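Below is one structure; the comments refer to it alone.
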Amino acid sequence: METGKSVARTRIDSEHPLPPSTHPGKELRFHLLGPVHVRVDGAVRDIGSPQAQAFLAVLLLQPGRTATLAELVHGIWGDEPPDTAVAAVRTHAWKWRRFLETSGVGRDALLSRGDGYRLTLTGPLTDVEEVEGLSASAAEARTRGHLEEADTLLKVALGRWYGEPLNRVPGDFAARQRARLTELSTVLSEERCDIRLALGRASFAVPDLMVLAAAHPLRQRAHRLLMQALHDTGRQHEALAVFDRIRRGLAEEHGIDPEPELVRMHQRILAGEGLAEAPSRGTTAEAAPWPPRAQPGWPVPHQLPHPVENFVGNEQAFSSVVEALLPPRRTGPAIVAVTGVPGSGKSSLAVRAAHQVQPAFPGGVLHADLTDEGERTAPSAVLRGFLVSLGLPRAALPEGLSDLSALFRSMTDGCRLLIVLDDAHDAAQVRPLLPGSPRCAVLVTGTRLFPGLPATRRVRLGPVSVEESLEILASVMGQERVCEERAAASELARMCEGLPLAVHAVGDWLAIRPELSLETLVRRIHDEPGHLLSRCETVRTCFEKNVRQLDPELARAWTRLSWSPGCLTAASASRALGVPHAHAEVLLERLADASMLERRAHRGYVFSALLRQFAHLEHPLPVTAPLPPLVA
């Protein structure tokens, strides 16, 4: 059974255009296509301040995905958040949990994940999801030649707007979503007018198309449809005037000519030809284009998360990645693999490098996390998300992985597109997601070494230096505090083993505790080795996710070996695990390939101190269950 990040959409057909949600106990419906409000069993409930609405919008409009603390802060306040931003986000989360509890849904519907949050309610929760389901069903109905059904579904979808989407909700995220949803309304309006023309109802389409053309004076599809509708109703002179108006507008504003299809329509009207056979008016499934075409006006995808602004260390690796993504010539796509131990900053480096090279990829940037709550994300789910992001309607997507992969290669052929695949499990998961065009580039991160991946460059991240760790601490908790306790800060950096994630986490923890001295914390960590990890939830979450990626036998072996002191060899591992020497040797190699152990040349393998502490926190006593024979 495949697992994916996207929340399953309930299919909406003509007999049941609006199926009910399946919430436990109570039915919640969040309305975002106008002033934001929520209904609980049909009754409108107060949902707090505009900032609280902005917090909720980030979660609702990324269904099934964990929103990090940085994304929430940036989504609500943009590039200049107040000093109280983190505390405000936590307060909003607490208030929404209380709201969900009093609504009869339960506090656990909003879960903490790492430093962020995730809604676990099943959909459709919002009118946005309803509209997406209706529009997908309409596209499918049109492909089958059922134009009446498609027209009805689009009418229902357009009726869901009741004002400006996310009206008065602040923040960058809301602004981007407001633009997206407004564009979606325009696209669906054009599509419905096109269908009405195909049904021979041009006179009913003219008023709406006049409004669209006036609101978007340079939108060529709206003007082309208006010209067609005017021509079909015997108003040829008005249709020619529409062409003259947009031709002048395009020339004055952008110095370009109208698109070829608009010019051909103008020529047919001048020649007095009928437009009944115009391509946009296909009425049968056989007339539908294949492969499916992207929806007109669909935005270029730019899906990168916000970069870490205080990124420090691994500058040589960063330069190597950027250089590899932008070679002067190649015969296939650049495929760059960034690997390293858990917490070494692979994702942060990849996002920063992708932002650096983004201008060189006008086709856009696609981003996917290939691990969801420690579980492998199915390549087919990722491909469906990518293809929809590129403008294909969900109804046009094939079912099988090989067909999805082939369609993705067709869609990306000739495009300058960057694809970022974060936290991949293995090469088998990545290969179906690779484009074929040499104009594309792929950036893959993960703890494993990806044998079998046709990488053009492999970059292994090492620990950052103590000085670089101090820079990270200073950027998080202030330069003055680090300078005042430099010796303790240096010791704390060494305890973090040069892992940027750990340094950031302990810096964040100290930043909100200005009364606690660094020397006191260092002393506590010396007295209680697990004290550092107990204060760093993001590090524990990262380690837990990587342990969950191991198969059960390997995870048990890793936990048991954590109780073996010193350097591990095949002989010592064989004694500790009670397995043959050859079996122990393979287990050690696999754990090192997964970055859960470190190779020390010919001297064997060692545990990271932090990973060893994590293993002991999770399993206070050694695991004694017998290991089964190794399966080749």
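The numbers here are math on the coordinates, done by the rules we state, and not lab data. Worth saying up front: this structure is predicted, and the values here are computed from it rather than measured. Glycine also receives a Cβ, built like all others from the backbone with ideal geometry; neighbour counts cover every protein chain displayed.
What to note about this one:
- Note on segment 315-460: Cα-Cα pairs beyond 20 Å make up 43% of the total pair count.
- Per DSSP, loop trypsin sites (Lys or Arg not before Pro) in segment 548-602 with at most 13 further Cβ within 10 Å: Arg600
- Of all DSSP bridge pairs formed entirely within the chain, close to 45 percent run antiparallel.
- Packing-based order for 155-164, 170-179, using average beta carbon neighbours within 10 Å, highest first: 170-179, 155-164
- Summarising the amide proton neighbourhood of Thr371: residues at separation of 5 or more, or on other chains, whose placed amide H is nearer than 5 Å comprise Thr377.
- Approximating the spin labels as points 7 Å out from Cα along Cα→Cβ, the Arg548-to-His254 distance works out to 4.5 nm.
- Per-peptide average of other Cβ atoms within 10 Å, ordering 50-62, 228-240 highest first: 50-62, 228-240
- Projected-area average for segment 326-396 over all orientations - Cα convex hull basis, square nanometres: 6.7 nm²
- Charged-residue dipole, Cβ positions (Lys, Arg, Asp, Glu), the chain about Cα centre, Debye nearest 20: 640 debye
- Using only side-chain charges placed at the Cβ, +1 for Lys and Arg and -1 for Asp and Glu, the dipole size of segment 315-460 relative to its Cα centre rounds to 520 debye.
- Peptide packing for 72-85, 470-483, 131-144 was compared via the average number of neighbouring C-beta atoms within 10 Å per residue; ordered from the highest value, the list is 131-144, 470-483, 72-85.
- Summarising the amide proton neighbourhood of Gly364: residues at separation of 5 or more, or on other chains, whose placed amide H is nearer than 5 Å comprise Leu418.
- 222 nm mean residue ellipticity, helices alone, for the chain (DSSP H n ≥ 4; -39,500 (n - 2.57); rounded to 500): -15000 deg cm²/dmol
- Across the chain, C-alpha contacts under 8 Å between residues 6 or more apart give a mean separation that, scaled by the residue count, equals a relative contact order of 11 percent.
- Considering only Leu597, Leu554, Pro565, and ranking their Cα positions along the charge dipole of segment 550-618 that arises from unit charges at the beta-carbon of Lys, Arg, Asp and Glu, the one farthest toward the positive end is Pro565.
- Restricting attention to the chain, lysine pairs at least eight places apart or on different chains and with alpha-carbon atoms under 26 angstrom apart total 6.
- Dipole orientation for the chain: of the candidates Leu181, Met227, Asn314, Asn314 has the Cα lying most toward the positive pole (charges on Cβ; Lys, Arg +1; Asp, Glu -1).
- Debye log10 I(q)/I(0) at q = 0.07 Å⁻¹ for the chain, Cα point scatterers: -0.54
- Once C-alpha pairs closer than 8 Å and six or more residues apart are averaged by separation and normalised to the residue number of segment 466-539, the relative contact order reads 34 percent.
- Dimensions of segment 550-618 based on its C-alpha atoms, expressed as ranges along the principal axes with the largest first, amount to 29, 26, 20 Å.
- The dipole here belongs to segment 376-495: it is taken about the Cα centre, uses +1 on the Cβ of Lys and Arg and -1 on the Cβ of Asp and Glu, and is about 660 debye.
- Backbone amide hydrogens, once placed in the peptide plane, bring Gly116 within less than 5 Å of Leu69, excluding anything fewer than 5 places away on its chain.
- Ala487-Glu373 FRET efficiency (beta carbon distance; Förster radius 45 Å; 0.05 resolution): 0.70
- When Rg and the Kirkwood radius Rh are both evaluated on Cα atoms of segment 466-539, their ratio Rg/Rh stands at 0.90.
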